[in-house]
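One structure below.
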Amino acid sequence: MVSADSFSVVFSTFTLISLAELGDKSQIVCMTLAARHRHWPVILGAASAFIVLNTLAVLFGAGVAAWVPEQIVAGVVAVLFAAFGIHALRATEDEDSDVVEERPGHGIFLTTLMLIFVAEFGDKTQIAVAGLAGSMPSVPVWIGASIALVLVSILGVWAGRTLLQRLPIVWLHRLGGGIFLVFAFLAAWRAIS
């Protein structure tokens with residue numbers, strides 16, 4: 001049975017990572033590849049990459065948390081989340097016009113997997129997942145982050161273009177930035193209390 005605390009961690013991780021990833025490189029990769037190829041290999045390639053990336057991030061975050069005092073981890077997480085929040089709030093539309101280059105000679109599943117893995121390794125969402133896993137239970141963080149990233153990829157494949165025509169991407173970044181700042185405040189509060 002799932003406890004209320006676990007559900008809360010899954011939900012808060014899902015919310016933070018979803019908002020942070022909307023309009024990010026991986027979603028643009030999915031939109032671009034799905035415009036020229038079948039949907040399922042793109043979705044499965046993105047999902048596979050995110051499962052591996054989240055596993056690495058959670059293992060790293062939980063490992064650091066086991067060796068570093070909780071107040072220090074919470075302080076570092078607060079600083080990182082504040083930096084991500086400020087960066088997202090300052091985002092402009094020009095920064096979001098990345099060109100996605102497809103890798104020749106590979107199937108679309110492998111191309112998507114490699115593009116997402118390279119684009120997201122060490123990215124803000126992976127660092128956020130590691131930070132969350134350092135301060136909250138690892139498995140619910142992994143579940144929330146994985147569901148968020150797979151659903152955002154699916155959104156990029158099927159509905160991304162429609163959404164971006166109606167809502168400027170800069171507003172999605174600002175919403176994500178605000179959520180990061182809230183999480184930064186909560187982590188700072190945890191660090192000082």
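Within the set 8, 3, 12, the sole residue that is within 14 Å of the chain's Cα centre (by Cα), open to solvent by 10 Å² or more (accessible area, probe 1.4 Å) and at pLDDT 80 or above turns out to be 12.
Taken together, the residues in the stretch 32-53 that are modelled with pLDDT under 85 and surrounded by fewer than 22 Cβ atoms within 10 Å (Cβ to Cβ) amount to 6.
Take residue 3 and tell me if it is among the polar types (S, T, N, Q), free of Cβ contacts under 8 Å to residues at least 12 places away in the same chain and over 15 Å from residue 158 (Cβ atoms). In short, yes. Here residue 79 clears all of (1) surrounded by fewer than 17 Cβ atoms within 10 Å (Cβ to Cβ); (2) under 13 Å from residue 128 (Cα atoms); (3) within 13 Å of the chain's Cα centre (by Cα) except the condition numbered (3).
Counting only residues that are of a type in the set (A, V, I, L, M, F, W, C), surrounded by fewer than 20 Cβ atoms within 10 Å (Cβ to Cβ) and more than 22 Å from residue 87 (Cα to Cα), the stretch 118-142 holds 1 of them. Going residue by residue through the stretch 83-106, is there one that turns out to be at pLDDT 80 or above and open to solvent by less than 60 Å² (accessible area, probe 1.4 Å)? No, because not a single residue in the stretch 83-106 is at pLDDT 80 or above and open to solvent by less than 60 Å² (accessible area, probe 1.4 Å). Residue count for the stretch 53-90 satisfying the condition of being under 13 Å from residue 125 (Cβ atoms) and among the aliphatic types (A, V, I, L, M): 6.
The values are calculated or read from the model by the stated rules, or taken from the named source; none is laboratory data. Since we're looking at a predicted model, the values are computed, not measured. Glycine gets a Cβ as well: all are built from the backbone with ideal geometry, and neighbour counts include every protein chain shown. Areas reflect the complete protein model, heavy atoms only, side chains present, ligands, DNA and RNA absent. Shrake-Rupley method; radii C 1.70, N 1.55, O 1.52, S 1.80 Å.
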